[in-house]
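Please treat every number below as a calculation from the coordinates, not as lab data. Worth saying up front: this structure is predicted, and the values here are computed from it rather than measured. Please note: Cβ atoms are built from the backbone with ideal geometry, for glycine as well, and neighbour counts cover all protein chains shown.
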Amino acid sequence: MAYTIAQPCVGVKDTACVEVCPVECIHPTKNEANFSSAEQLYIDPVTCIDCGACQSVCPVTAIYPNEQVPDQWKNFIDVNAKFYQK
């Protein structure tokens, strides 16, 4: 299981989740060149250790365990994974 960042993050990109992630699997960070052009933040499903730290600090409730992503946002599971395939 991994976590996914869904629709509520689009256009927001609050980085509270980045700051608490123990394995640094959420990108882009504010220090990365593509931060300003990215639509949202993304969780690397391979690196994510399923700790849930990010979910509890998200101010817009955009982070879900993959099996709990609301149906209307299920496509964000692939959106997050594809960000890391570039």
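Taken across region 54-68, residues that are under 11 Å from ALA2 (Cα atoms) and charged (D, E, K, R) do occur, with at least one present.
Scanning region 53-82 for residues that are surrounded by 12 or more Cβ atoms within 10 Å (Cβ to Cβ) and either in a loop (DSSP other than H, G, I, E, B) or at positive phi (or both) gives CYS58, VAL60, ALA62, VAL69, LYS74. The residue that is nearest to ASN80 (Cα to Cα), among those in region 16-49 that are among the β-branched types (Val, Ile, Thr) and crowded, with 17+ Cβ neighbours inside 10 Å, is ILE43. If you go through region 3-43 and keep only what is within 18 Å of TRP73 (Cβ to Cβ), in contact with a Phe, Trp or Tyr (Cβ under 6 Å, 6 or more places away or on another chain) and in a loop (DSSP other than H, G, I, E, B), you end up with just ALA6.
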